[in-house]
Amino acid sequence: MKIILTQEVSGLGAPGDIVEVKNGYGRNYLLPQGFAIAWTKGAEKQVTVIKRARSAREIRDLGHANEVKAQLEGLKVSLKARAGDGGRLFGSVTPAEIVDAVKAAGGPALDRRRLETPGHIKSLGAYPVSIRLHPEVTAKFDLNVVQG
């Protein structure tokens, strides 16, 4: 099945890319979630407009992405969460909570959809978190989950 991505999908492509995926993945996940649209000749013409706008943004954002990366990697991010005996959390840490913790630590406003965590964070401790700021720039920082 041919589709056109409308958002960045990790391991698949960036907005405006035309990719071939299995029918079930496209029909049951990418299309309903709004990550892609079905490929047609008319939609392919729109892809050129999307790519042109993206390339203009990327050139402008690459320097800024490197600045934000330097700022994030020097940041100490701490997140308070409720935990029971043994350090196990009530629930788990969400990407929105991580973004709020970065902002509270003096960092920039981030897009929660671009965060990559090492699975579900369900206990106290330090975790490596990465964020895709740009297709060529990924920043990594440590998230310290403490009793709160």
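The values are calculated or read from the model by the stated rules, or taken from the named source; none is laboratory data. Predicted model, so just to flag it, every value in this text is computed and none were measured. So basically every Cβ, Gly included, is an ideal-geometry build from the backbone, and we count neighbours across all protein chains shown.
Observations, loosely collected:
- The numbered conditions (1) under 20 Å from the mean Cα position of the chain (by Cα); (2) at pLDDT 95 or above are all true for ILE59 except (2).
- Within region 131-142, one or more residues are of a type in the set (Asp, Glu) and either at pLDDT below 90 or assigned by TED's automatic domain parsing to the domain that holds GLU8 (or both).
- Exactly one residue out of GLY63, GLY106, GLY86 is part of a helix (DSSP H, G or I) and on the phi > 0 side of the Ramachandran plot: that is GLY86.
- Single residue of GLU8, GLU44, GLU20, GLU73 found to be under 20 Å from ARG113 (Cα atoms), charged (D, E, K, R) and not assigned by TED's automatic domain parsing to the domain that holds ARG132: GLU8
- Cβ-Cβ contacts under 9 Å between residues 6 or more apart (or on different chains), taken from a first residue in region 103-127 that is in contact (Cβ under 8 Å) with a residue 60 or more places away in the chain and within 25 Å of VAL9 (Cα to Cα) to a second residue that is surrounded by 14 or more Cβ atoms within 10 Å (Cβ to Cβ) and small (Gly, Ala, Ser), are listed as GLU116/SER130.
- Those residues of region 109-136 which are over 14 Å from the mean Cα position of the chain (by Cα), surrounded by 13 or more Cβ atoms within 10 Å (Cβ to Cβ) and over 16 Å from LEU75 (Cα atoms), in sequence order: ILE121, LYS122, SER123, LEU124
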